[in-house]
1. From the list Arg113, Arg101, which residue is more than 25 Å from Glu205 (Cα to Cα) and within 19 Å of the chain's Cα centre (by Cα)?
2. Restricting to the stretch 122-135, and then to whatever is polar (S, T, N, Q) and open to solvent by less than 30 Å² (accessible area, probe 1.4 Å), can you tell me which residue is farthest from Ser347 (Cα to Cα)?
3. Of all residues being open to solvent by 10 Å² or more (accessible area, probe 1.4 Å) and in contact with a helix residue (DSSP H, G or I) (Cβ under 6 Å, 6 or more places away or on another chain) in the stretch 161-206, which is modelled with the lowest pLDDT? Just the residue, please.
4. Answer yes or no as to whether Phe225 is closer than 20 Å to Asp166 by Cβ, open to solvent by 20 Å² or more (accessible area, probe 1.4 Å) and of a type in the set (Phe, Trp, Tyr).
5. Please verify whether the stretch 278-285 includes one or more residues that are open to solvent by 20 Å² or more (accessible area, probe 1.4 Å), out of contact with any Asp or Glu (no Cβ under 6 Å at 6 or more places or on another chain) and either in a strand (DSSP E or B) or under 29 Å from Thr108 (Cβ atoms) (or both).
6. Every residue in the stretch 136-156 that is open to solvent by less than 10 Å² (accessible area, probe 1.4 Å) and part of a loop (DSSP other than H, G, I, E, B), please.
7. What pairs can you find where one residue is in the stretch 244-258 and at positive phi, the other is among the hydrophobic types (A, V, I, L, M, F, W, C) and open to solvent by 20 Å² or more (accessible area, probe 1.4 Å), and their Cβ atoms are less than 8 Å apart, with a gap of 6+ or different chains?
Amino acid sequence: MTSQAVRRSTVLLLLAVLATAGLVPADAAGGRTPGTARVFAKVPAPGFPAYVHVHPNGRVYAGTYTNPTGDKMRSRVIEYSASGTLLRSWTVPGQDLAKPRGVQVAATDARGRLVLLEKSRARVLTLDVRTGRFTVQATIPDLPGGGHPIPNYATWGPGGALYLTDYGQDVVWRIPARGGKPRVWFRSARLAGIAGFGTTGIVYEPRTRSFLISQQTTGDALDLFRGHLYRLGVRADGRPGALTALWSAGGPLDLPDGFGVARSGNIYLALLGANRVLKLSPTGTVLARWSATGSAVPFDSPSNATFHGTRVLVANQSAVLGDASHHVILDLEVGERGAPVVVPKRSRLR
């Protein structure tokens with residue numbers, strides 16, 4: 001081997017090591033260019049995939065959500081390999097088939113079970129993927145003066161408690177680490193959405209001791225219909241602090257949904273109405289606004305951005321068009337790795 005070839009091989013090896021550590025963009029190591037996308041996996045009937053969850057076991061899970069035109073099919077939890085091969089699925093028991101249905105695979109608990117948010121009966125479930133057993137952990141109450149409860153996203157927070165957004169009510173719920181009845185932890189008129197387009201994603205950031213919360217619309221007369229990404233601090237006594245807007249949508253069609261946070265603090269936010277994934281700095285500055293460049297399937301109501309290596313996996317819900325050929329999980333290269341997802345050892349859900 002010539003000295004030039006040796007130098008080239010050494011540089012390529014160094015770049016590959018740095019890329020693995022998340023210190024250089026993936027494209028510098030000869031991979032894909034950030035902003036390019038491809039189909040990771042197809043989602044079978046009933047389709048309309050919601051949040052994509054990457055389990056510590058390396059497998060990928062997604063739930064099927066509401067068909068706006070209506071159907072009588074129960075929701076499914078679908079399991080994929082790390083490379084996108086469909087492995088198996090489970091049908092969600094006990095759903096009310098007279099109501100709109102859907103299930104979000106929201107988190108993993110200390111026992112390795114999936115934490116599920118079921119729409120038709122506003123339930124928090126767990127699914128043991130080894131045994132296939134579903135367990136009802138809690139039911140979200142219907143509060144006076146609000147809409148109907150729709151548990152939408154969840155994150156583990158301080159003390160190992162589970163915090164949930166409510167798409168139908170202006171509330172963030174808290175379930176204690178030991179399990180039990182959901183309690184209102186934070187309520188604000190700023191979380192009241194117009195025409196049901198309410199509070200969506202939630203992620204707890206231990207380093208800032210705060211929650212990031214996405215809101216699709218607000219009813220504020222001075223800020224009508226616009227979505228936001230909020231930051232909500234946690235006080236030393238565990239109570240909520242001030243709610244501040246980190247980023248505000250440019251128009252009513254942006255409709256911010258689920259999001260992922262990188263190790264750098266950058267935020268990747270799915271815009272369900274605009275069919276884009278937004279890259280934001282930790283302070284809310286727009287760094288990029290990506291479509292699904294290179295993918296055979298375009299973004300069609302993208303509903304989340306979950307880290308999987310240097311990529312984010314995005315559920316393509318096709319909520320408006322209802323195009324079954326668009327019911328896929330897309331893989332968007334972003335060139336950096338996600339922040340570690342903490343699963344508390346103190347969680348004692350039943």
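The values are calculated or read from the model by the stated rules, or taken from the named source; none is laboratory data. Source: prediction; values computed, not measured. Every residue, glycine among them, receives a Cβ derived from its backbone with ideal geometry; neighbour counts consider all protein chains shown. With ligands, DNA and RNA removed, areas are computed over all heavy atoms of the protein, side chains included. Shrake-Rupley method; radii C 1.70, N 1.55, O 1.52, S 1.80 Å.
1. Arg101
2. Step by step, filter the stretch 122-135, then rank; the result is Thr135.
3. Ala177
4. So Phe225 fits the description; yes.
5. Looking through the stretch 278-285, at least one residue is open to solvent by 20 Å² or more (accessible area, probe 1.4 Å), out of contact with any Asp or Glu (no Cβ under 6 Å at 6 or more places or on another chain) and either in a strand (DSSP E or B) or under 29 Å from Thr108 (Cβ atoms) (or both).
6. Residue satisfying the conditions is Ile140 alone.
7. Leu255/Phe197; Leu255/Leu272; Leu255/Ala274
Matching residues to (1) more than 13 Å from the chain's Cα centre (by Cα); (2) under 22 Å from Gly198 (Cβ atoms); (3) free of Cβ contacts under 8 Å to residues at least 60 places away in the same chain:
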position	(1), (2), (3)
Gly260	no, yes, no
Ser264	yes, no, no
Ile267	no, yes, yes
Leu287	yes, no, yes
Thr293	yes, no, no
Pro302	no, yes, yes
Gln317	no, yes, no
Asp323	yes, no, yes
